[in-house]
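Here is the structure we will look at.
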Amino acid sequence: MSAYLANAIEQGQLVNDWLTPKRLGSMALLQQTSWPTRKTESWKYTSVRSLEKKTFERGTTNDEHAFSSIAGLDAIELVFVNGVLQQLPEGLPAGLSIASLENVPESTQVWAREQFNVAKPSQHLFGLVNDVLADNGVIVDVAEGVTIDTPIHLVNLVSENNETQQRVIVRVGQNAKVTMIEHNTGSVESLVNHVAEYFVEESAELELYRFSFRTEKALTVSGAHVQLAKKAKLNATIVGFGSELSRMDLDVLHRGENAFAKINAIYLLAKGEHFDLHSTIEHEIGHCVTDETVRGIVGEKATAVFNGRIHIHRDAQKTLAELNNKNLLLTDDAKINTKPELEIYADDVRCAHGATVAELDKSALYYMTSRGVSRDTALVMLNFGFINALVDEMPNAVLAEWLRPILKERFVKMNAEL
C-alpha cells in the first residue's frame with residue numbers, strides 16, 4: 001500500500017461528523033482498493049508515482065493569495081484558501097441557499113446526506129478518498145422554479161505542500177436554473193482532490209464551467225458527476241491545463257426521459273505536462289440526447305489522455321448521442337492516448353463517435369508567414385482557430401471574453417517551447 005493511501009485511511013478513521021453514516025461505506029471500499037499501476041486499466045496512461053509516497057499538510061497555513069474576480073462578471077464568490085472558505089456570501093438571491101460543508105443546517109443535512117455519493121461512481125480511488133476525508137466545500141440548493149441569474153464562482157487556492165479535500169453538492173430544483181463556475185488554479189507543489197455532485201431535477205437547467213488551471217508541480221484529481229432528471233438540461237464547458245499529475249473524471253447520468261447534455265472540453269498542454277480526461281455518459285432511459293466535443297492541443301513531450309465512454313442501456317431507445325475528440329500535436333514527441341467508446345444495448349438509437357490526431361498544418365503556417373504575419377503570431381492564430389468554435393459556444397459571453405486572453409497567453413508559452 002502506498003504511503004499516501006495508508007495515511008488517507010488513517011486520517012479517515014478519525015473523521016466523525018454528520019456524513020459519517022455515508023463515509024463508513026466508502027471507507028470499507030477504500031480499504032479494499034489497490035493503488036493504481038500501469039496494469040490498472042483506468043490508470044494505464046496516467047502514473048500516480050508523484051503522489052505515491054507523498055504526505056501533505058491540510059489547512060495548516062493562512063497564507064495570503066492574490067485573487068482577482070473575473071472582470072465584468074457579477075458573481076457570487078466562494079473563495080477557498082487551503083480548504084478554508086474565506087467568507088460565506090451575504091444577501092443571496094431569493095430561492096438560493098449556500099452552506100459550508102462543516103456548518104450545515106440540520107434541515108439541509110437530511111437531503112444532502114441522502115444525495116451524498118449518489119451521482120459519483122462508487123469505485124474510483126480518489127473519489128473514495130474524498131468521500132472519507134472531505135472536510136470543506138459547499139452545499140448549494142436552488143429552490144423549485146427559481147432562476148439564479150448571478151453565477152456562483154467557486155475558487156480553490158492552495159499553498160505549497162498543502163492538500164485540500166473538497167466536496168460540492170448542488171441541487172437544482174424542478175424548473176430552476178443556475179450557473180456554476182469551478183475554478184482551480186496554482187502551480188506550487190500541492191494536492192487538490194475536488195469532487196462535485198450535481199442533481200438537476202425535472203425541467204431544470206445547469207450551466208457548468210470547470211476551469212482547471214493548475215500547472216507545473218500542482219497535483220490535481222477531480223470529478224464532476226451530474227444526474228439529470230426528466231427534461232433536465234446540462235450545458236458544460238471544461239478547460240484544462242496540464243501539470244505533473246492532472247486527472248479529471250466526468251460522469252453524466254440520464255435518469256429521466258428527454259434529458260439533454262451538451263459537453264465541450266478543451267485541454268492545452270505545455271512542455272512535459274500531463275492531462276487525463278475520463279468521461280462516462282450513462283443513458284439509462286430513452287429519448288435523451290448527448291452531444292460531447294473534446295479538442296486538445298499537446299505541446300513538446302507532453303501527454304494527453306482522453307477516454308470517453310457512452311453507455312446506452314437496454315431501455316434507452318430513441319437515444320441520440322455523439323462523441324468527437326480532435327487533437328493537434330505541436331511536435332513529434334507530443335503524445336495523445338485517445339479512446340472514444342460506444343457501448344450500445346438498445347436497437348433504436350442514433351449514435352456516432354470518432355477521434356482524430358493531426359499535426360499543425362505547415363502549409364497554413366507558411367501561407368501566413370509569407371504574407372507578413374510573424375511566426376509566433378501565426379502559431380497563436382492557428383492554435384486558437386482549432387478551439388475557437390468551442391469558446392464561441394460558451395453561453396456566458398463575459399466568461400468567453402475573460403478566457404480568450406488566458407488561452408492566448410497559454411499558446412504563447414507553448415509556442416515559445418517549439
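Structure notes:
- Environment charge of Val142, counting only residues whose C-beta is closer than 11 Å and scoring Lys/Arg +1, Asp/Glu -1: -2
- Surrounding net charge for Asn264, when Lys and Arg each add one and Asp and Glu each subtract one, Cβ distance under 13 Å: -2
- Dividing the summed -39500 (n - 2.57) terms of all DSSP H runs of n ≥ 4 by the residue count of the chain sets its mean residue ellipticity at 222 nm at -6500 deg cm²/dmol.
- Positive-pole candidate from Asn235, Leu96, Gly272, dipole of the chain, charges at beta carbon: Gly272
- Residue (of Leu360, Asn16, Phe199) at the positive-pole extreme of the chain, dipole from beta-carbon charges: Leu360
- Summarising the label geometry, the points placed 7 Å from Cα in the beta-carbon direction at Asp149 and Glu90 lie 2.3 nm from one another.
- For the chain, fraction of C-alpha pairs farther apart than 36 Å, in %: 23 percent
- Counted charge near Gly296, where neighbours are those whose Cβ lies closer than 13 Å (Asp, Glu -1; Lys, Arg +1): +2
- Stretch gain in nm, segment Glu10-Tyr367, where the contour uses 0.36 nm per residue and the Cα spacing is subtracted: 122.5 nm
- Look at Lys230, Lys362 and count the other Cβ atoms within 10 Å of each Cβ; fewest to most, that gives Lys362, Lys230.
- Length added when fully stretched, Ser34-Lys339, from 0.36 nm per residue minus Cα-Cα: 107.4 nm
- Between Ser187 and Glu114, the distance separating the two model label sites (each 7 Å from Cα on the Cα→Cβ line) works out to 4.7 nm.
- DSSP finds beta bridges in the chain, and of those with both partners inside it, around 5 percent are antiparallel.
- Between Ala71 and Glu409, the FRET efficiency from the beta-carbon distance, with R0 = 22 Å, is close to 0.90.
- Separation in nanometres of the label points that stand 7 Å from Cα toward Cβ, at Val357 and Glu57: 4.2 nm
- Cα-centred dipole magnitude for the chain, charges only on beta-carbon of K, R (+1) and D, E (-1), debye, nearest 20: 1040 debye
Just so you know, all these numbers are worked out from the coordinates, no wet-lab data involved. Computed from a prediction, not measured in an experiment: that's the story for all the values here. As a convention, Cβ positions derive from the backbone with ideal geometry for all residues, glycine included, and neighbour counts pool all protein chains shown.
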